[in-house]
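The values are calculated or read from the model by the stated rules, or taken from the named source; none is laboratory data. Computed from a predicted model, the values in this text were never measured in an experiment. A quick note on method: Cβ atoms are made from the backbone with ideal geometry, for glycine too, and the neighbour counts reach across all protein chains shown.
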Amino acid sequence: MSAPAVQTPQQREEVLTIWQRSRPGRRAFTAPGAGVPERPIDELLPARLRREAPAELPEVSEPEIVRHYNRLSKRNFDLDTGFYPLGSCTMKHNPKLHERVAALPGHARLHPLQHPRRAQGALELMWRLERALAEVAGLPHVSLQPSAGSHGELAGVLLTRAYHADRGDERTTVLTPDTAHGTNPATVTMAGYEVVKVGTAPDGGVDLDDLRRKADERTACLMLTNPNTLGLFDPNIEEIARIVHDAGATLYYDGANLNAIMGVTRPGDMGFDIVHFNLHKSFTQPHGGGGPGAGPIAVSDRIEPYLMVPRVVRREDGDGGAEYDLDADRPKSIGRLRGFQGNYGVFVRSYAYIRSLGAEGLREASEVAVLNANYLLALLRRPGVGEHLPPAFGERCMHEFVLSGAPMKRELGIRTVDLAKRLLDFGYHPPTVYFPLLVEEALLVEPTETETRETLEAFADAVAAILAEAAEDPEVARNAPYTTPARRLDEAAAARNPVVRQPLPA
Amino acid sequence: MSRYTSVTPDDLRAMLAEIGVGSVDDLFAAVPAGLRLDRPLDLPAGMAEQEVYGHLRDLAARNVSAEDEISFLGAGMYDTYVPALIDSILQRSEFLTPYTPYQPEISQGGLQVMFEYQTAISELTGLPVSNASLYEGPSAVGSAAYLAKLANGRPEVLVSRGVHPHSRGTLRTLAPGYGQRVVEVPLGDGVTDAAELAARVGPDTAAVVLQQPNFLGAVEDVEPLAEAAHAHGALVVCACDPVPLAILRPPGEVGVDVAVGEGQTLGNRLDYGGPSFGFLAATEAHIRRMPGRIAGETRDLDGRRGFVLTLQTREQHIRREKATHNICTAQVLNALAGVIYLSWLGKRGIVELAELLLRRADYARRALTALPGVRPLHEQPVVREFALALDAPVGAVIERCAAEGVCPGHPLGGDYPEHPDGLLVAVTERRTRADIDRLADALGRAVAAERDPALAGARA
Amino acid sequence: MAAEESYPPDLRYHPEHDWVRVEGEEAVFGITWYAQDALGEVVYYDPPEVGATVAKDRSYGELESVKAVSDIYAPASGEVVAVNQAVRDRPEVVNEDPYGEGWLIRVRLSDPSELESLMDEPAYREYLAGL
């Protein structure tokens, strides 16, 4: 199959940035009347501080802006349109109620420095969200401040640093499994520690002997996720916690895979000291093409003194009511990691989700996430697919699973990347590819609980069709996709000679 | 089954049969019995959509927002007018719901948005290279300090006392991990004291961090400060308020190496402090040290113009412990609002808006400092915000004004103990002359009441 | 366009897939065909400075492709006397001609006896077969 003779509208249209649509004199903004005396600018701002050449921003009318960005939107695939089984990202449905409540002016137009007395609704919402997250994590003390998972990871490792420093205990390394998500080792370096890798056992869990060897008096922390990035629950987690705690180190839980265990088991009960949540994963904050998200953390009693400020506090007022406040009087706190209180708009949406589902709904979400993943895994183990794309570790999984495309590469001559690109033609976002690094030609699949059985079956059929097609002619997948707004792009040229902005005529 | 899942009893039967287990519980066999939660989560029961809506509305009703009072609060986030077209474009599912563009062929919309956003920030700052967003203002300052560490490895960061307290706080929190120490440079007459800066900068200085306009609203003369920093090989970082850059000399022209800032005023709501976005732009020399996603232009197989994430080897998913930063999810949707807003304002509109702010801030400062018991904290040029000193307890004055539906501004004493009587007043394009006159009236009477012992006793 | 697979017999090979060509008291270093194939299309070369010291078995620089970064290991110790600017200007020459135009640095060897521990061509081919 060569490129189709007829191009799609998106393929046909010329790619122009909004600058290229710009014409001098056009405008969308009308300034309101100043209303105040129009004093000459020279009198208000000395000439040496003033900008001479204006910023070359576009000159376009409102209809042009709307049309430009609407057309751009049609060059995107999205979750509301189709199945998005990106492993490690938890692409579950974004409930539409959440946009309505987040837009309520009482939430949306509230200034972060409004006096707490006049922000009681916001502070109560944050306090209740903290209680709910603490309950899910099994750890009592929460900060909503971090803006994303990796921001929460940085908070967690800096808290660990403060904990050890307060005890006069000099530690220099942080352990991460070799299957860890890249943010973990990157965070370790930013927190001033050295990364030490812990091996993975043949069953996919942490290699306990390697851990025992490496967890010593230099170890500040072990960063783990459970289930891990292979989609497997490590049944040795309690022993792992014992080894780490015996070495005097803290145990950090990367919450990226929380969707497998809500209401079933809790990181705090497993022995973790610090947990981060990704509100843009398990708690339905829309991904927005790359954020915003939020990465709140929950910590144990021994870590609590170091938690970021300000803290949300609740005081009983003696009349059966309560007042909420922000409290920064925490002498051992590490301080703050960003401005104000955090991504409150994200809190509103996650809180609405938790109130919608309740205890039973959260547990059901995890149960169905695990059910859906195992069902899809079973479908993909059928003949026609299973022999080319075997699971990397066993026939059961939690909420996600890893397949290896190594047999497919050998037998059919197409790689994981080719399968992924061909899936685009079938109207699917592909699973995560080439992660975790431990698995050759990895394909990490996470369907989530909000997909129907028919969707999973159709996806499995599509994979089977692509493999059958490759057996006939591997060139089809190797040159895919054909029907997307762009075909395969030259990333090497972009990296060699980076062009990162629209050039403008001098 | 909740409203977001769809497994019927028939589905369940068929799925368990295909998997080869008897129950869903069997799928959790790897979780040791001792770790299984043996009770439901201690959370309220789930609610119908209309009940959740009612609850969230009730919470909203207990907040006094800019909808409910005339607000002159600023200090980093401002009650700006967000045009309606931003709401309609951001609600499009194709922008709202996809993930980071790991498959560029079906993410050309999002990647082009990043490319356009990067262009807009580059134009505004006068620096050639911008990334596709960071979380927000103060943490972007923290990211710039990390870039300085990667650039020269020196142990000290000099930060002006005019930089936002939350940015200074963030630098201090990050410093132990970075192996840096943070040293403050005092203000003199409302702006960074140039002599004090020159005395402190030296071969140990990784970066000098400034803010424009500074936290007290004053316009800084950045160029000589940048020269002093460069004389010792230190990097110059400047946290900038984006709209005033329309009329202030841009950081790229005055010797700034890395410009960062808070993007909330570019088309994003207040949202009690977030989500907004942070921006970071730098000179070409630092492109391979920059944090965050960067979209680059290229061609596809058929020669069509297209965009991809580029220079990914900087990032955590490839470089891991040697990455330029740990950031993964950023604030791309908010950056989209930012580029739409800058296109909406346009080349002339942003200048008009900045000049409008300049004039209204001047009018407000004159009107308020004409009141008895109200003095300017400094007389430096300002653009959208200025600092006052009151001859009365600021907290009590604020409460009196609030009772009349006016929030006069942010009390400075908490962050600047040297100004216990300080008040920071911000003016946006939504604060009309009538609003400012009403503020002057309310503030005048509040200060008078709090100065007069007899009236002060009448406080609630 | 990547070169055909080859391992010239006049070179010596290091287990991290680097080669050495000895020229009197100096030597030229580069990466082997196997290394450039694993890396993919090279997009960026981060070399040491002229005058810097390189130590046997230690990394002296980095090569980047789109999706990976690779340390470059010194097969022997010495002082850098030249850096191949052509690779800086056109990094893909490492894929096209890894043993010729794609050389990376030239050093003045500090201890030529280190070369004895390196593999010859047959040994390196055997090593590759076992990977």
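What the table shows:
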{"read-out": "Residues (part of a loop (DSSP other than H, G, I, E, B), more than 9 Å from every other protein chain (Cβ to nearest Cβ) and closer than 18 Å to A:SER88 by Cα) located in the range A:368-400", "value": "A:ALA392, A:PHE393, A:HIS399, A:GLU400"}
{"read-out": "Checklist (1) small (Gly, Ala, Ser); (2) in contact with a Phe, Trp or Tyr (Cβ under 6 Å, 6 or more places away or on another chain); (3) within 22 Å of A:PRO310 (Cα to Cα) applied to B:GLY395, failing item", "value": "(2)"}
{"read-out": "Subset of the range A:202-219 [within 14 Å of chain B (Cβ to nearest Cβ), more than 24 Å from the chain's Cα centre (by Cα) and under 11 Å from A:PRO177 (Cα atoms)]", "value": "none"}
{"read-out": "Residue count, the range A:413-429 (criterion: touching a residue at least 40 places away in the same chain (Cβ under 8 Å) and either surrounded by 22 or more Cβ atoms within 10 Å (Cβ to Cβ) or assigned to a loop (DSSP other than H, G, I, E, B) (or both))", "value": "11"}
{"read-out": "Members of the range A:240-266 that are of a type outside the set (A, V, I, L, M, F, W, C) and more than 10 Å from chain B (Cβ to nearest Cβ)", "value": "A:ARG242, A:HIS245, A:ASP246, A:GLY248, A:THR250, A:TYR252, A:TYR253, A:ASP254, A:GLY255, A:ASN257, A:ASN259"}
{"read-out": "From A:ALA132, A:ALA155, A:ALA162, residue being hydrophobic (A, V, I, L, M, F, W, C), surrounded by fewer than 21 Cβ atoms within 10 Å (Cβ to Cβ) and assigned to a helix (DSSP H, G or I)", "value": "A:ALA162"}
{"read-out": "Residue match in the range A:76-98 (condition: facing another protein chain (nearest Cβ under 7 Å) and among the basic types (Lys, Arg))", "value": "no"}
{"read-out": "Tally, over the range A:156-183, of residues that are among the polar types (S, T, N, Q) and facing chain B (nearest Cβ under 8 Å)", "value": "1"}
{"read-out": "Within the range B:285-401, strands (runs of 3 or more DSSP E) holding 3 or more residues that are facing chain A (nearest Cβ under 10 Å)", "value": "B:295-299, B:305-309"}
{"read-out": "Qualifying position, being at the interface with chain B (Cβ under 7 Å from one of its Cβ atoms), in a loop (DSSP other than H, G, I, E, B) and at pLDDT below 95, among A:VAL36, A:VAL6", "value": "A:VAL36"}
{"read-out": "Strands (runs of 3 or more DSSP E) wholly inside the range B:166-281 that include at least 1 residues being within 15 Å of the chain's Cα centre (by Cα)", "value": "B:205-212, B:235-240, B:258-262"}
{"read-out": "Odd one out for C:VAL94 among (1) within 10 Å of the chain's Cα centre (by Cα); (2) β-branched (Val, Ile, Thr); (3) assigned to a loop (DSSP other than H, G, I, E, B)", "value": "(3)"}
{"read-out": "Filtered residue count, the range A:55-68, keeping only those that are free of Cβ contacts under 8 Å to residues at least 40 places away in the same chain and either crowded, with 18+ Cβ neighbours inside 10 Å or at the interface with chain B (Cβ under 7 Å from one of its Cβ atoms) (or both)", "value": "5"}
{"read-out": "Elements of type strands (runs of 3 or more DSSP E) contained in the range C:6-51, each with 1 or more residues being out of contact with any Gly (no Cβ under 6 Å at 6 or more places or on another chain) and within 14 Å of another protein chain (Cβ to nearest Cβ)", "value": "C:42-46"}
{"read-out": "Criterion: more than 7 Å from every other protein chain (Cβ to nearest Cβ), of a type outside the set (Gly, Ala, Ser), surrounded by fewer than 24 Cβ atoms within 10 Å (Cβ to Cβ) and more than 19 Å from A:PRO58 (Cβ to Cβ) - qualifying residue of B:TYR102, B:TYR78, B:TYR146", "value": "B:TYR102"}
{"read-out": "Top-ranked residue of the range A:101-126 - restricted to ones that are closer than 21 Å to B:TYR81 by Cβ and more than 7 Å from every other protein chain (Cβ to nearest Cβ), ranked as surrounded by the most Cβ atoms within 10 Å (Cβ to Cβ)", "value": "A:ALA102"}
{"read-out": "In the range A:262-292, the residues that are within 20 Å of A:LEU222 (Cβ to Cβ) and hydroxyl-bearing (Ser, Thr, Tyr)", "value": "A:THR265"}
{"read-out": "Considering residues of the range A:474-490 that are within 14 Å of chain C (Cβ to nearest Cβ) and either out of contact with any helix residue (DSSP H, G or I) (no Cβ under 8 Å at 6 or more places or on another chain) or in a loop (DSSP other than H, G, I, E, B) (or both) only, the residue nearest to A:ASP425 (Cα to Cα)", "value": "A:ARG488"}
{"read-out": "Count of residues meeting criterion [charged (D, E, K, R), part of a loop (DSSP other than H, G, I, E, B) and under 27 Å from B:GLN264 (Cβ atoms)] in the range A:321-367", "value": "3"}
{"read-out": "Test: residue in the range B:107-118 that is part of a loop (DSSP other than H, G, I, E, B) and facing chain A (nearest Cβ under 8 Å)", "value": "no"}
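For every residue, the table says whether it meets (1) at pLDDT 95 or above; (2) surrounded by fewer than 24 Cβ atoms within 10 Å (Cβ to Cβ); (3) in a helix (DSSP H, G or I); (4) of a type outside the set (Asp, Glu).
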position: A:PHE435; (1), (2), (3), (4): no, yes, no, yes
position: A:LEU438; (1), (2), (3), (4): no, yes, no, yes
position: A:LEU444; (1), (2), (3), (4): yes, no, no, yes
position: A:THR455; (1), (2), (3), (4): yes, yes, yes, yes
position: A:ALA464; (1), (2), (3), (4): yes, yes, yes, yes
position: A:ALA471; (1), (2), (3), (4): yes, yes, yes, yes
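Matching residues to (1) small (Gly, Ala, Ser); (2) modelled with pLDDT of 95 or more; (3) closer than 16 Å to A:ARG363 by Cβ; (4) in contact with a helix residue (DSSP H, G or I) (Cβ under 8 Å, 6 or more places away or on another chain):
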site: B:TYR4; (1), (2), (3), (4): no, yes, yes, yes
site: B:ALA14; (1), (2), (3), (4): yes, yes, no, yes
site: B:VAL21; (1), (2), (3), (4): no, yes, no, yes
site: B:PHE28; (1), (2), (3), (4): no, yes, yes, yes
site: B:ARG39; (1), (2), (3), (4): no, yes, yes, no
site: B:PRO44; (1), (2), (3), (4): no, yes, yes, yes
site: B:VAL52; (1), (2), (3), (4): no, yes, no, yes
